[in-house]
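Okay, structure first, notes after.
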Amino acid sequence: MSNSFYASKNQIQLKAINQIPHSNKIQGTIISKNLMSIKWETLPDNQAASNGNALYVWQNTGLPWGQGQSPLQYDTIKENSQTGDQVFKFNVEKKPYIVAYSTSASGSSFCATLQFNPGSAEGVPSFTTIELVEPALGDNSLIAKFTTPIGNNPKANNNWIGLWEGAKVTYDGSNRIKKIMVESNVSSDTQLMNNLSLTVDTTYTLGYACGPQDSDLTAFVTFTTSPY
């Protein structure tokens, strides 16, 4: 893909003159021997409670993808707001813990994590991102670069990328120009999107979903193509 695509770079006409990213994120602190406080921030217009977003806690280093390990704690998001916080109560041992934000109850749509390690009460965050590979933006194609939580298999977990005209994504699939399933088996990679008809001086939004549902969107980037 790379050699043939970049060989035609002299024919590429469009440029992204800006990129504005958004992602689901979590942060948190172990505040006592039995309390963990988690703050979350989700995407604009996401109805976190209605769409089944949730928080999970495991006693583990890294997410236990496919291991069948039950979470130590679990709670659904209770508000349809862009930000919020929740407190988990359990006996904290001197062991690693990981918290995950999920967009649904699929068991694999984990899009943001927070790793706690002994010796530090502050969790280390990681979250899904998506951006354009700018030299590869053409009239009819683009390349998206994505990063998801370590251990995620985008292909197996039915991750997908969508494109909308305008500065917003939709959580029901409406007004979407294109949707493609991610072909990669590794958590951070690139994905080609072909058969587009991109126009000059136009705003688009490229979104990444960490599960099969239209509401599994977890990151997006808004960009505007250069004038004629």
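For Ser109, are the conditions met, namely being among the small types (Gly, Ala, Ser), surrounded by 15 or more Cβ atoms within 10 Å (Cβ to Cβ) and either more than 29 Å from Asn153 (Cβ to Cβ) or touching a strand residue (DSSP E or B) at 6+ places or on another chain (Cβ under 6 Å) (or both)?
Here the answer is yes, as Ser109 does meet what is asked.
Test Gly107 against the stated conditions and say whether it is of a type outside the set (A, V, I, L, M, F, W, C) and modelled with pLDDT under 95. Walk me through how you get there before you give the answer.
Values: of a type outside the set (A, V, I, L, M, F, W, C): yes; modelled with pLDDT under 95: yes.
Judged against the criteria, Gly107 is a match.
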Assuming Tyr171 fulfils every condition listed in (1) surrounded by 14 or more Cβ atoms within 10 Å (Cβ to Cβ); (2) of a type outside the set (Val, Ile, Thr); (3) out of contact with any helix residue (DSSP H, G or I) (no Cβ under 6 Å at 6 or more places or on another chain) apart from one, which condition is it? (3)
Count - residues of the stretch 176-200 that are surrounded by fewer than 14 Cβ atoms within 10 Å (Cβ to Cβ) and either under 15 Å from Leu14 (Cβ atoms) or outside the structural domain of Phe146 (by TED's automatic domain parsing) (or both): 4
Suppose we filter Gly68, Gly62 for residues that are under 22 Å from Gly151 (Cα atoms), surrounded by fewer than 17 Cβ atoms within 10 Å (Cβ to Cβ) and within 20 Å of the chain's Cα centre (by Cα); which single one remains? Gly62
Could you check Pro64 against (1) closer than 27 Å to Tyr204 by Cα; (2) free of Cβ contacts under 8 Å to residues at least 12 places away in the same chain and say which number it fails? (1)
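Kindly indicate the residue of the stretch 121-158 that is among the polar types (S, T, N, Q) and buried (at least 20 other Cβ atoms within 10 Å of the Cβ) and also nearest to Ala100 (Cα to Cα) among those meeting that condition. Give the steps one after another, and end with the answer.
Residues of the stretch 121-158 that are among the polar types (S, T, N, Q), as a first pass: 126, 128-129, 140-141, 147-148, 152-153, 157-158.
Subsequent filtering for residues that are buried (at least 20 other Cβ atoms within 10 Å of the Cβ) retains 126, 128, 148, 152, 157.
Numbers: Ser126: 9, Thr128: 12, Thr148: 12, Asn152: 12, Asn157: 16 Å.
My answer is Ser126.
Looking only at the stretch 188-198, decide whether some residue is outside any loop (DSSP other than H, G, I, E, B) and in contact (Cβ under 8 Å) with a residue 60 or more places away in the chain.
Start the filter on the stretch 188-198 by keeping residues that are outside any loop (DSSP other than H, G, I, E, B), which leaves 188-193.
Keeping just the survivors that are in contact (Cβ under 8 Å) with a residue 60 or more places away in the chain gives 192.
Looking for residues that are outside any loop (DSSP other than H, G, I, E, B) and in contact (Cβ under 8 Å) with a residue 60 or more places away in the chain, one finds at least one in the stretch 188-198, hence yes.
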Exactly one condition in (1) farther than 24 Å from Phe90 by Cβ; (2) loosely packed, with under 15 Cβ neighbours inside 10 Å; (3) hydroxyl-bearing (Ser, Thr, Tyr); (4) at pLDDT 95 or above is false for Ser8; which is it? (4)
Before we move on, is Ser37 in contact (Cβ under 8 Å) with a residue 24 or more places away in the chain and either of a type in the set (S, T, N, Q) or surrounded by fewer than 15 Cβ atoms within 10 Å (Cβ to Cβ) (or both)? yes
Identify, from the list Ala167, Ala144, Ala209, the residue that is within 26 Å of Gln67 (Cα to Cα), modelled with pLDDT of 95 or more and of a type in the set (A, V, I, L, M). Ala209
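Looking only at strands (runs of 3 or more DSSP E) that fall completely inside the stretch 33-142, which ones have 3 or more residues that are over 30 Å from Thr199 (Cβ atoms)?
Values: elements: 35-41, 54-58, 73-76, 83-89, 97-102, 110-116, 124-127, 129-132.
It comes to 35-41, 54-58, 73-76, 83-89, 97-102, 110-116, 124-127.
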The listed residue being under 16 Å from Ser37 (Cβ atoms) and either hydrophobic (A, V, I, L, M, F, W, C) or within 15 Å of the chain's Cα centre (by Cα) (or both), out of Phe127, Phe110, Phe116: Phe116
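Step by step: first the residues of the stretch 11-32, then only those that are in a loop (DSSP other than H, G, I, E, B) and either among the hydrophobic types (A, V, I, L, M, F, W, C) or modelled with pLDDT of 95 or more (or both), then the one that is farthest from the chain's Cα centre (by Cα). Which residue is that? Don't jump to the end; show me each part of the working.
Within the stretch 11-32, the subset in a loop (DSSP other than H, G, I, E, B) is 12-15, 24.
When the remaining residues are screened for being either among the hydrophobic types (A, V, I, L, M, F, W, C) or modelled with pLDDT of 95 or more (or both), the result is 12, 14, 24.
Values: Ile12: 28, Leu14: 26, Asn24: 6 Å.
By that ranking, first place goes to Ile12.
The values are calculated or read from the model by the stated rules, or taken from the named source; none is laboratory data. Quantities reported herein were computed from a predicted structural model and do not represent experimental measurements. Note: ideal-geometry Cβ built from the backbone for every residue, glycine included; neighbour counts use all protein chains shown.
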